[in-house]
Amino acid sequence: MEKEKWIVIGETLKKAREALSLTLEQLSQKTGVPVWKLRLIEEGQFDRVDAPFYVRHYIKLCAQQLGLDASQLIGTEDLSRESAQAKPKKYAFSERVNLLMLALCLIAAILFFYSMVRFFNVLGQPGAKLVNIGNQAILLDGKPVVPGESVLLKVGNRYEVKNNKNGCAIVSANKQWLIRVENFEVVLWER
């Protein structure tokens, strides 16, 4: 708004207040606007009060208490511009926050699903297997394992291997151990 318009608005508010025999303190109590801000508004020094958005709001509150039409006092284009500018920023910010939260939830859900699939794939894989790589049969818990044969070892069980003269291997998902000891025990644990 132009400087002269602000001065006219301030004078109009002051005259209306005085016509109703209200003090600045009484108007301040009714509007919630501090006395010092009301004084500056009546003097037309709006630039020292607050941001224009708030000053328009203070004028609107005063006009309502003094029985004046705020839209005529400030101008309908200023009030409509004020409300049109204020609301989209608030909604634009909340929409961005909502989209960001949605994206983060989606990423978290994808990561959770991926980790669950990996977890159950690892559980579903056999723990390890014993492979006879020698040229003679070995005994696994008293049962013969012929050369080239493999036996699945279960997690949590203890196995006794005997007669391992030429070697055997224990193979897990990603490692292989070559064993050349003749008699030994194997205990397979979970990861």
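The values are calculated or read from the model by the stated rules, or taken from the named source; none is laboratory data. Fair warning: this is a prediction, and the values are worked out from it, not measured in the lab. With ideal geometry, Cβ positions are generated from the backbone for all residues, glycine too; neighbour counts draw on all protein chains shown. Note: areas computed on protein heavy atoms with side chains; ligands, DNA, RNA excluded. Shrake-Rupley method; radii C 1.70, N 1.55, O 1.52, S 1.80 Å.
Brief remarks follow.
- Members of region 41-56 found to be over 16 Å from G75 (Cβ atoms) and either touching a Pro at 6+ places or on another chain (Cβ under 6 Å) or open to solvent by 20 Å² or more (accessible area, probe 1.4 Å) (or both), listed by number: E42, E43, Q45, D47, R48, D50, A51, Y54
- Count of residues meeting criterion [in a helix (DSSP H, G or I) and in contact (Cβ under 8 Å) with a residue 40 or more places away in the chain] in region 20-55: 2
- The set of residues from region 57-79 being part of a helix (DSSP H, G or I), surrounded by 15 or more Cβ atoms within 10 Å (Cβ to Cβ) and modelled with pLDDT of 85 or more comprises H57, Y58, I59, K60, L61, C62, A63, Q65, L66.
- Failed item in (1) under 52 Å from the mean Cα position of the chain (by Cα); (2) polar (S, T, N, Q); (3) more than 14 Å from A128 (Cα to Cα), with N174 passing the rest: (3)
- Reported count of residues in region 9-26, each being more than 14 Å from G67 (Cβ to Cβ) and either among the hydrophobic types (A, V, I, L, M, F, W, C) or open to solvent by less than 20 Å² (accessible area, probe 1.4 Å) (or both), is 3.
- Qualifying residues in region 131-144 (those that are farther than 14 Å from N183 by Cα and under 58 Å from the mean Cα position of the chain (by Cα)) - the one surrounded by the fewest Cβ atoms within 10 Å (Cβ to Cβ): I133
- Of all residues making up region 148-191, the number that are in a loop (DSSP other than H, G, I, E, B), open to solvent by 30 Å² or more (accessible area, probe 1.4 Å) and closer than 18 Å to A137 by Cα: 9
- Close pairs (7 angstrom Cβ cut-off, 6 or more residues apart or separate chains): within 30 Å of R118 (Cα to Cα) in region 158-178, of a type in the set (S, T, N, Q) and open to solvent by 100 Å² or more (accessible area, probe 1.4 Å) anywhere: A169/Q176
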